[in-house]
Structures are given as C-alpha cells and as structure tokens.
Amino acid sequence: MHVTHPIPARLTVVVALAKLLQRLEMSRVPVGADQYRSVVDRLSAVLTETPADDALSAILRACPAAAELYENLNYDVAGLCRSPLDASLRAEIEARELITKLRAGRTPTGTARS
C-alpha cells in the first residue's frame, strides 16, 4: 500500500490491519484459520466504528481485501457498493441463472439430477 497523504491518527489501526489482511490474502504460504479470522474480526470491529470519508476510501482502494470486507459488512444497507458495476451485475446474473437451473432440477453443468 503506497500512501501519498498523511494518514489521520484515527485511522492508523485501520491501515495496519488492512495491510496485514492484504498480506494474508496474497500469501503463498498457508495461513492459519485462527490467525486469519482474528485479523478479519479485529478489522471488522474497527471498520464498523469508522465513519466513511475520503481517507477511509483511499485505504480501501489501496487494500482490496479490506474493501471487500467493508463491502460485506455494509451489504445490508449499500449492496455491492465498492465492487465494479460490471462484475457485480455479472455475478448477480450468474447467481440467478444457477438458481433457475437448480429449481428446474438441473445441475449447474446442465445435466439432470438423479
């Protein structure tokens, strides 16, 4: 994460946890589930208490893993607010198609279930 502006003191914990989560997401070495969950839980708690502003948006742009977590935390009120619209729309269409196939008794590959 490259920062060109000073980070407000109130966001130093958000930055540290966001960077750590990003490193865990990008790690080629397996990460323990407890360690991962601990970082996600701590970052979730901090994000729910952090007001949305330009500084937070900059952090989320720099750390996609934290941005995805933020979006999931706020899905009930904002939907996929940080995901590119094309990707969000494509995911919704694919989900609807899969649900329709499953309701019709077909597997996702198009063959009938026995």
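The values are calculated or read from the model by the stated rules, or taken from the named source; none is laboratory data. All values reported here derive from a predicted model rather than from experimental measurement. Neighbour counts run over all protein chains shown; Cβ positions are idealised from the backbone, glycine included. With ligands, DNA and RNA removed, areas are computed over all heavy atoms of the protein, side chains included. Shrake-Rupley method; radii C 1.70, N 1.55, O 1.52, S 1.80 Å.
Residues are listed down the side, and each one gets a yes or a no for (1) acidic (D, E); (2) in contact with a Lys or Arg (Cβ under 7 Å, 6 or more places away or on another chain); (3) open to solvent by 60 Å² or more (accessible area, probe 1.4 Å):
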{"residue": "R10", "(1), (2), (3)": "no, no, yes"}
{"residue": "V29", "(1), (2), (3)": "no, no, yes"}
{"residue": "V40", "(1), (2), (3)": "no, no, no"}
{"residue": "L60", "(1), (2), (3)": "no, yes, no"}
Going through (1) surrounded by fewer than 12 Cβ atoms within 10 Å (Cβ to Cβ); (2) of a type outside the set (A, V, I, L, M, F, W, C); (3) at pLDDT below 90 one by one, R106 fails only at (1)
(1) without any contact (Cβ under 8 Å) to a residue 24 or more places away in the chain; (2) open to solvent by 50 Å² or more (accessible area, probe 1.4 Å); (3) under 14 Å from the mean Cα position of the chain (by Cα) all hold for A33 apart from (3)
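Being more than 15 Å from E68 (Cα to Cα) and part of a helix (DSSP H, G or I) narrows it down to one residue among R10, R28; which is it?
R10
What is the residue count in segment 62-76 for residues that are open to solvent by less than 90 Å² (accessible area, probe 1.4 Å), assigned to a helix (DSSP H, G or I) and free of Cβ contacts under 8 Å to residues at least 12 places away in the same chain? Outline the logic, then answer.
The initial filter retains those residues of segment 62-76 that are open to solvent by less than 90 Å² (accessible area, probe 1.4 Å), namely 62-67, 69-71, 73-74.
Among the residues that remain, those that are also assigned to a helix (DSSP H, G or I) are: 62, 64-67, 69-71, 73.
Then keep just the ones that are free of Cβ contacts under 8 Å to residues at least 12 places away in the same chain; that gives none.
Number satisfying all stated conditions: 0.
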Considering E25, E92, which residue is at pLDDT 85 or above and open to solvent by 50 Å² or more (accessible area, probe 1.4 Å)? E25
Would a scan of segment 47-56 turn up a residue that is assigned to a helix (DSSP H, G or I), open to solvent by 40 Å² or more (accessible area, probe 1.4 Å) and at pLDDT below 90? yes
